[in-house]
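Below is one structure, written out as structure tokens; the observations come after it.
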Amino acid sequence: MATGWIIALIIVGILLLTAASKSVATPIRWIGFGVMQVVIGAILLFFTNLVGELASFHIPINPVTALVAGFLRLPGLAALIVIKLWIM
């Protein structure tokens, strides 16, 4: 078992070293920005569904709808509502 721990520590060390270098900082920042937008979109959709319960209206929360609502904010949310009402 000691060999497994040593290998795991070496891998973690390499990942930390890679994350600390300048060449990897920008892609990690973009990934973090994208994740933050998806979370914001999911929160927007959650509150929309919370208010939409009064009218039996529901937009599914999945990565695609959360991404649209997160990146486009209120216009994206309005687009999802229009798509839900007119197309579906």
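The values are calculated or read from the model by the stated rules, or taken from the named source; none is laboratory data. From a predicted model like this one, the values you see are computed outputs, not experimental measurements. Here the Cβ is made from the backbone with ideal geometry for all residues, glycine too, and neighbour counts use every protein chain on show. Note: areas computed on protein heavy atoms with side chains; ligands, DNA, RNA excluded. Shrake-Rupley method; radii C 1.70, N 1.55, O 1.52, S 1.80 Å.
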What are the residue pairs meeting all of these: first residue in the range 39-52, first residue within 15 Å of residue 84 (Cβ to Cβ), second residue hydroxyl-bearing (Ser, Thr, Tyr), Cβ atoms under 7 Å, and 6 or more apart or on different chains?
45/65
Counting only residues that are on the phi > 0 side of the Ramachandran plot and within 20 Å of the chain's Cα centre (by Cα), give me the helices (runs of 4 or more DSSP H) lying completely in the chain with at least 1 of them.
63-82
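Considering the range 20-51 alone, what residues qualify as being small (Gly, Ala, Ser) and closer than 19 Å to residue 76 by Cβ?
34, 41, 42
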Restricting attention to the range 52-62, report how many residues are exposed (fewer than 13 other Cβ atoms within 10 Å of the Cβ) and within 17 Å of residue 76 (Cα to Cα).
3
Residue list for the range 14-27, filter: open to solvent by 80 Å² or more (accessible area, probe 1.4 Å) and either touching a Gly at 6+ places or on another chain (Cβ under 7 Å) or of a type outside the set (Lys, Arg) (or both):
14, 15, 16, 17, 20, 23
